[in-house]
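Undergrad: One structure follows; several queries about it will come next.
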């Protein structure tokens, strides 16, 4: 089978996986973090789980990217840089800055590894092989606006994660109501920031693989944000009534 045929079949598979994930997560909350529960098999420490499941988005992506004929061109390298800015932090910084962290089912880790292998192949292969970027791509409106959105989303994601982390003293467990910044508007600004990131990346790369990833991010995180919001309301009777789950005034 020619690689281009395989590529487009896998790409279609990711679009379908986004739809299936959205439908599934509307009925079942993924069992990790505050939603962890028994019955999902063996578990790993949260830090180890995050490292294992996110590492393909660094190492495998770099290997696939390096095999492409456009690997030394400026625009693909810049787009790879955006990708790695997120995933180097998510793989090597975020897990080790966690305060506490419940154990994570091995099944969840395995599913995430499988997705990151698929998604990493599709995006890396597009950037360095199947995509085509003119010499002036980095000065064009799609890249400039997309990179700006990515930077905005990345900043929101980092600052929101930091605010959640500061709710706990070192070695302290339990949960508190986050306050300040975008938390005054929504329960999960960290998820909103991540969605903005990947729609920005999709625009900057102008790729069907980037769009598939952005849509999958929404399918994965939007139901989780709703579940978080409901959890907060159930745990804290004085939880701010004006907050929404994900999008101010809307959802």
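Undergrad: Against the condition free of Cβ contacts under 8 Å to residues at least 12 places away in the same chain, over 11 Å from the mean Cα position of the chain (by Cα) and assigned to a helix (DSSP H, G or I), how does residue 203 come out, does it pass?
TA: So residue 203 fails the test.
Undergrad: Considering only segment 69-95, how many residues are touching a residue at least 24 places away in the same chain (Cβ under 8 Å), part of a helix (DSSP H, G or I) and over 15 Å from the mean Cα position of the chain (by Cα)?
TA: Here the count works out to 6.
Undergrad: If a residue must be over 12 Å from residue 109 (Cβ atoms) and touching a strand residue (DSSP E or B) at 6+ places or on another chain (Cβ under 9 Å), how many such residues does segment 7-36 contain?
TA: Of the residues in that region, 2 qualify.
Undergrad: Can you tell me which residue is surrounded by the fewest Cβ atoms within 10 Å (Cβ to Cβ) among those in segment 171-186 that are touching a helix residue (DSSP H, G or I) at 6+ places or on another chain (Cβ under 7 Å) and assigned to a helix (DSSP H, G or I)?
TA: My answer is 181.
Undergrad: Can you find a residue that is under 20 Å from residue 115 (Cα atoms), surrounded by fewer than 17 Cβ atoms within 10 Å (Cβ to Cβ) and at pLDDT 95 or above anywhere in segment 74-86?
TA: Yes, segment 74-86 contains a residue that is under 20 Å from residue 115 (Cα atoms), surrounded by fewer than 17 Cβ atoms within 10 Å (Cβ to Cβ) and at pLDDT 95 or above.
Undergrad: Let me ask something else. For segment 91-104, state whether one or more residues are at pLDDT 95 or above, in contact with a helix residue (DSSP H, G or I) (Cβ under 7 Å, 6 or more places away or on another chain) and surrounded by 14 or more Cβ atoms within 10 Å (Cβ to Cβ).
TA: Yes, segment 91-104 contains at least one residue that is at pLDDT 95 or above, in contact with a helix residue (DSSP H, G or I) (Cβ under 7 Å, 6 or more places away or on another chain) and surrounded by 14 or more Cβ atoms within 10 Å (Cβ to Cβ).
Undergrad: Could you check residue 158 against (1) over 23 Å from residue 241 (Cβ atoms); (2) over 17 Å from the mean Cα position of the chain (by Cα); (3) surrounded by fewer than 19 Cβ atoms within 10 Å (Cβ to Cβ) and say which number it fails?
TA: For residue 158, the failing item is (2).
Undergrad: Something else: For segment 43-68, enumerate the residues that are assigned to a loop (DSSP other than H, G, I, E, B) and under 17 Å from the mean Cα position of the chain (by Cα).
TA: Selection gives 58 alone.
Undergrad: Can you tell me which residues in segment 96-153 are in a loop (DSSP other than H, G, I, E, B) and closer than 26 Å to residue 8 by Cβ? Please lay out each step first, then the result.
TA: Here is the first cut: in segment 96-153, the residues in a loop (DSSP other than H, G, I, E, B) are 98-103, 131-136, 140.
Within segment 96-153, 131, 132, 133, 134, 140 qualify.
Undergrad: Which one of these is farther than 19 Å from residue 155 by Cβ, under 21 Å from the mean Cα position of the chain (by Cα) and buried (at least 21 other Cβ atoms within 10 Å of the Cβ): 208, 223, 189?
TA: Values: 208 fails: buried (at least 21 other Cβ atoms within 10 Å of the Cβ); 189 fails: farther than 19 Å from residue 155 by Cβ.
Result: 223 is the single residue among 208, 223, 189 that is farther than 19 Å from residue 155 by Cβ, under 21 Å from the mean Cα position of the chain (by Cα) and buried (at least 21 other Cβ atoms within 10 Å of the Cβ).
Undergrad: Hey, any hits in segment 236-243 for a residue that's part of a helix (DSSP H, G or I) and over 24 Å from residue 94 (Cβ atoms)?
TA: Taking every residue of segment 236-243 in turn, none turns out to be part of a helix (DSSP H, G or I) and over 24 Å from residue 94 (Cβ atoms).
Undergrad: Does segment 43-57 hold any residues that are without any contact (Cβ under 8 Å) to a residue 60 or more places away in the chain, buried (at least 18 other Cβ atoms within 10 Å of the Cβ) and more than 11 Å from residue 108 (Cβ to Cβ), and which are they?
TA: Within segment 43-57, 51 is the sole residue that qualifies.
Undergrad: Cβ-Cβ distance below 6 Å, separation of 6 or more or different chains: which pairs start in segment 225-239 with a residue that is without any contact (Cβ under 8 Å) to a residue 24 or more places away in the chain and end on one that is surrounded by 14 or more Cβ atoms within 10 Å (Cβ to Cβ) and in a loop (DSSP other than H, G, I, E, B)?
TA: 233/239
Undergrad: Specify the residue that is farthest from residue 129 (Cα to Cα); the eligible residues are those in segment 7-19 that are surrounded by 12 or more Cβ atoms within 10 Å (Cβ to Cβ) and free of Cβ contacts under 8 Å to residues at least 40 places away in the same chain.
TA: Step by step, filter segment 7-19, then rank; the result is 12.
Undergrad: Quick one: is residue 37 within 23 Å of residue 157 (Cα to Cα), in a loop (DSSP other than H, G, I, E, B) and either in contact with a helix residue (DSSP H, G or I) (Cβ under 7 Å, 6 or more places away or on another chain) or modelled with pLDDT under 95 (or both)?
TA: Taking the combined requirement at face value, the residue does not satisfy it.
The values are calculated or read from the model by the stated rules, or taken from the named source; none is laboratory data. All values derive from a computational prediction rather than experimental measurement. All Cβ positions, even for glycine, are placed from backbone atoms using ideal geometry, and neighbour counts span all protein chains on display.
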